[in-house]
Amino acid sequence: MGTMSTSVTLLFLLGLCHLSTAAAVDKNDVAKPKTTASTTYIVHMAKSEMPASFEHHTHWYDSSLKTVSDSAEMMYIYSNAIHGFSTKLTPEQAETLQSQPGVLSVLPELKYELHTTRTPEFLGLGQTTETIPQSNSESDVIIGVLDTGVWPESKSFDDTGLGPVPGSWKGACESGTNFNSSNCNRKLIGARYFAKGYEATLGPIETSKESKSPRDDDGHGTHTASTAAGSVVSGASLFGYAPGTARGMAPRARIAAYKVCWVGGCFSSDIVAAIDQAIADNVNVLSMSLGGGMSDYFRDSVAIGAFSAMEKGILISCSAGNAGPSAYSLSNSAPWITTVGAGTLDRDFPAFVSLGNGKNFSGVSLYRGNSNAAPTALTPFVYAGNASNATSGNLCMMGTLIPEQVKGKIVMCDRGVNARVQKGAVVKAAGGVGMILANTAANGEELVADSHLLPATSVGQQNADVIKSYLLKDPNPTATILFEGTKVGVQPSPVVAAFSSRGPNSVTPDVLKPDIVAPGVNILAGWSGAIGPTGLAIDARRVAFNIISGTSMSCPHVSGLAALLKGAHPEWSPAAIRSALMTTAYTAYKNGQKLQDVATGKPSTPFDHGAGHVDPISALNPGLVYDLTVDDYLNFLCALNYSATEINSLAKRSYTCDEKKKYSVRDLNYPSFAVNLEGRYGGGTTSSNVVKYTRTLTNVGPPGTYKASVTSESQLVKISVEPETLSFSQANEKKVYTVTFSAVGSVAANAVNSFGRVEWSDGKHIVGSPIAISWN
């Protein structure tokens, strides 16, 4: 991820998103652990196959477990997210249990990792809400946040002006270390924690280091929860940066916090338990800024739990991951999950580098320390690689700098490996008075601001290369750093963040992911009082709000907007809400130019931004939506050729695909089109490759006639829509159309991906769907 500098405690919030098992399992699969020691497994049971001799399914689960181990105990019993339990077993015991009657699968514990204001105004949600329907429905919407817990004292969770807790709420406020039931209120209506899986793998939680309770000692959970539904707080800022009024996307919605992430990570048995409980608690939206894997859906605990939540009418919003800009890097790709990438705001925090040769270079920083500490005059300047005996000295890692060569100087460090703010701490400890953090080719021109412990700024690769050249050639290099505060109105904005994970979808290439992008760079939101803004142990500063970046931040934006739409349209399904957000998203700036990708400096594509950047005001009135039912998803699983056992693992029921029916992934009623055409043809050969996609539109607006239009950047594929006009005479009326993609002419062997768009418009509404065409 590389999107916020922090301590070891928080490294997994920001490092490259990936999935690992607690027993050294390949991150992209769930193969058997290589060790013979006991590890945690999640056991999926076919509840409908329980023998009549058992009075209750828990007795059957326990009996099945005892056939392989007399000493093993059930850690969690799952009833909603899945049917089954978690327990500790050896690999041999797990293999034996897998063969028992009624056991669908036995999956090893997986460790998931977190993906880690002006935003309301940037999205068109100003302090006044004339554009939003006025009702109490929003205050009836409950957002469940699976994260590192919550800091209940934050002003973002003030319940002033909120009415009684919704009668639909079935949850609780659990007590534990430094937390009791009185910490909840009419805003923060529930808080729970789940640590059995974590403790089974890493041992008991050290309560001297973190709270064994819903309390957030990390900051990430408080930030995501307040982003989604924080109350209005005036006078918010981080050290004076980004000053103004902070508020969540749905400030009247209620919050339920589920702590599943700890110092050592987030474990799948705990995540499934939290989803299981959230379903029982009756949340309406689930926000999960954590990374699933890239394995089949019936092996992915987040995907499995999300399927059950979807069945209960809960919208699930997940971060795409921070492994961009590499292709095929996103996680949480199941079509019943809303997958969110990250873009920038029109706000920046400039801090310039001024060199002794008179040249100036732009950078960014959130440093706001002692004004006398910042070197305002030209100061001796050194490259870290030349002030170290270590081969990795340029990275400013712990213990690598030579104090005698650093003392009293500004040091240039290369970005990579260790946390960005930790590099500054290393420079400061060695006697340096400032730092210039240089992007390398891996980071390009993407700049993420940090609240450094010493005067410091980050510069892009191009500026870094010029500065290094000066450093290495000038016999007496000098520099200074000039901090400019907060700047708004930055253009172009938004741009897709380089760290934001990209498609294509490695699990199901015929489903386009990510779905959408939302603000995820330099986001101001509530923070924990237990840790400083850098997350470093040596950071004694405490702040009420912090500015951090990641798809962890963009995910709760969409979670909150989904709650906003649910409040305005309580009858809408999760698929309808997602469709409204996707089909009204924008892919061009007001001047007509396409959205940009900061990683390339060129226009972004649907593999980067999905349907586009979220536009909540338009989403409130989308005109038409692409709806989906549970049966539609079951047909999708049949199209993937999943076995009855694999489908049962997801759907918690016996379901047999009709052998007489022809299932197609392309017929899933998704608001986007991922087209995979077979074969590249050279030598003048003509391709006759043709694929068809069927879609159904539901009218959620007034009667009207919509006309289709198609745009495409490729001459190699003909795109046609049939029929070209759809007329709706009443609400909830459905109409079917087909899009045909035909390869034409000679297709070169080196043909590249191409992109386009299908739009339906009645003159008032534009219902847009992105197209991504790939050649296999």
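Taking a quarter of the surface of the convex hull around the Cα atoms of segment 360-493, what do you get in nm²? If you can, show how the numbers build up before the last one.
Details: hull surface 32.1 nm².
Across all orientations, segment 360-493 yields a mean hull projection of 8.0 nm².
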Response to the item:
Between the residues Met582, His609, Trp169, the Cα farthest towards the positive end of the dipole of the chain, that dipole coming from +1 and -1 charges on the beta-carbon of Lys, Arg, Asp and Glu, is from His609
Worksheet item: Given R₀ = 56 Å, FRET efficiency for Lys718-Ser71 by Cβ-Cβ distance, to 0.05?
Response: 0.30
Fill in: Among Gly264, Gly197, Gly485 - extreme Cα towards positive end, dipole of the chain, charges at beta-carbon
Gly485
Worksheet item: Once you put a point 7 Å from the Cα of Asp658 and another 7 Å from the Cα of Glu206, both along the Cβ direction, what distance in nm separates them?
Response: 6.0
Worksheet item: Just going by the charge dipole of the chain, with Lys and Arg at +1 and Asp and Glu at -1 on Cβ, which of Val691, Ser137, Ile766 is farthest out on the positive end?
Response: Ile766
Discussion item. Calculate the FRET efficiency for Tyr589 and Ile538 from the Cβ-Cβ distance with a Förster distance of 41 Å, rounded to the nearest 0.05.
Written reply: 0.45
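From the protein chains alone at 1.4 Å, what is the descending order of accessible area for Thr694, Thr376, largest first?
Sorted by accessible area, descending: Thr376, Thr694.
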Fill in: Sites Ser709 and Asn676 - FRET efficiency at Förster radius 22 Å, r taken between beta-carbons, to 0.05
0.40
Worksheet item: Between Lys473 and Ser362, what is the spin-label point distance in nm, taking each point 7 Å from the Cα along the Cα→C-beta axis?
Response: 2.4
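Under 8 Å for C-alpha pairs, at least 6 residues apart: give me the relative contact order for segment 278-327, rounded to a whole percent. Can you show the working numbers first?
Working: 42 pairs, mean separation 23.0, N = 50.
Result for segment 278-327 is 46 percent.
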Worksheet item: Using 7 Å Cα-to-Cβ label points, what is the Asn180/Glu95 separation (nm, one decimal)?
Response: 5.2
Worksheet item: Any idea of Glu92's accessible area? Nearest 10 Å², probe 1.4 Å.
Response: 100
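With a 1.4 Å probe and every protein chain kept in, tell me what percent of the accessible surface of segment 407-553 is carbon plus sulfur. Don't jump to the answer; show the numbers that get you there.
Values: 2340 of 4280 Å².
After summing per-atom areas, the C and S share lands at 55 percent.
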Response to the item:
Ignoring ligands and nucleic acids, Asp276 exposes an accessible area, probe 1.4 Å, in Å² to the nearest 10, of 20
Practice prompt. Can you tell me the dipole magnitude for the chain around its Cα centre, using point charges on the Cβ only (Lys, Arg +1; Asp, Glu -1), in Debye to the nearest 20?
Written response: 1240
Discussion item. I'd like the accessible area for His569: 1.4 Å probe, protein heavy atoms, all chains in place, Å² to the nearest 10.
Written reply: 40
Worksheet, complete the sentence: Net charge near Leu697 (other residues with Cβ under 15 Å of its Cβ; Lys, Arg +1; Asp, Glu -1) is -3
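Please report, largest first and rounded to whole Å, the three semi-axes of the ellipsoid equivalent to segment 264-335, where each semi-axis is the square root of five times an eigenvalue of the C-alpha gyration tensor. Before the final figure, lay out the partial values.
Values: eigenvalues 91, 33, 26 Å².
Square roots of five times the eigenvalues give 21, 13, 11 Å.
The values are calculated or read from the model by the stated rules, or taken from the named source; none is laboratory data. Bear in mind that the values here come from a model prediction, so they are computed numbers and not experimental data. Glycine also receives a Cβ, built like all others from the backbone with ideal geometry; neighbour counts cover every protein chain displayed. When the accessible area is computed, the model is the full protein with side chains, heavy atoms only, and any ligands, DNA or RNA have been set aside. Shrake-Rupley method; radii C 1.70, N 1.55, O 1.52, S 1.80 Å.
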